[in-house]
Amino acid sequence: MASTDTGEGAINLTDVEAGLDALEAVQVQRTPIGQVLREKVLPPVLGVLLVLTIWQLLHSLHVTEDYKLPGPPEVWRSLTDLWYQGTLLSIIWTSVWRGGAGFLAAVAIGTPIGLVVARGKLVRAAVGPVLSGLQSLPSVAWVPAAVIWLGINDRAMYAVILLGAVPSIANGLISGIDQVPPLYLRAGRTLGATGLAGARHVLLPAALPGYLSGLKQGWAFSWRSLMAAELIASSPDLGVGLGRYLENQRDFNTMSGVLLGIILILVVGVAIDLLVFSPIERRVLRSRGLLQTNH
């Protein structure tokens, strides 16, 4: 048995090597389905049931007129009516397609802007405050201008999305780059990763957690910007998205339809975050040892 004497005891080198091998051979076990249901599924289901219970209770107590606060069954009937009319999926898809396409365009524009601003001191001094100001500006403020500039069409919708999402994505990337240790950049330059190669292989991967936060916020801005545009701009050429459906129900003074529109907008926004961004974020954090896993 190999050992090294230290005066008061001996260090067993075999045990040390076994310990190092154990550290390297960490096995990630799949979480049991029962635990997933108990920890991930049950809490939000209970939360939804609690909201529905309180909603129905307020309706039953007649805290206000029934036409102002319809109960969950009335909203459910509005949902089933859309389904049987064959318009529910088209309404949702119209908004999801616009929001997704606008968001991807915002990523393509906001990412290089964020890189340039983050790495150039003069550019940051000139453009940084503008990006922060644009990010704090409500997206609805751009709708009248976009309609005047581009008309009531899809181009105006996409313009509002870009103006709302690009600053958020760029600022998220800037924040992520600011948190990259300088040692990474020096090591990249030593290995010849400069310019675009350095940005691709060193800067962006190192800034990925902050960049992902910016992307999530950018999607939220894209979705809210689109809803604002659909609420205000109306044209047969635009079709009916969730925002336009919500406004139509307000025009008809149909509160059950209004509540249904609000719920659908909320559900789609949350679903995109849970199905797209959360898995990507977990994978990135897990790959960097920043997410707890079951062993």
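Each value in this text was obtained by applying a stated rule to the coordinates, not by laboratory testing. Everything quoted here is computed from the prediction, not taken from an experiment. Cβ placement follows ideal geometry from the backbone for every residue including glycine, while neighbour counts extend to all protein chains displayed.
Would any residue of region 101-115 have its amide N under 16 Å from a label point 7 Å out along Cα→Cβ of Val127? List them or say none.
From region 101-115, the list is 106-115.
Provide Ser278, Ser78, Ser213, Ser222 in ascending order of the number of other Cβ atoms located within 10 Å of each residue's Cβ, fewest first.
Final ranking by Cβ density, sparse to dense: Ser278, Ser213, Ser78, Ser222.
Grab the Cα-Cα distance for His62 and Ser278, subtract it from 0.36 nm times how many residues apart they are, and report the gain in nm with one decimal.
Going from the current span to full extension adds 73.8 nm.
Measuring from a point 7 Å past the Cα of Arg288 along Cα-to-C-beta, which residues in region 150-182 have an amide N at less than 15 Å?
172-182
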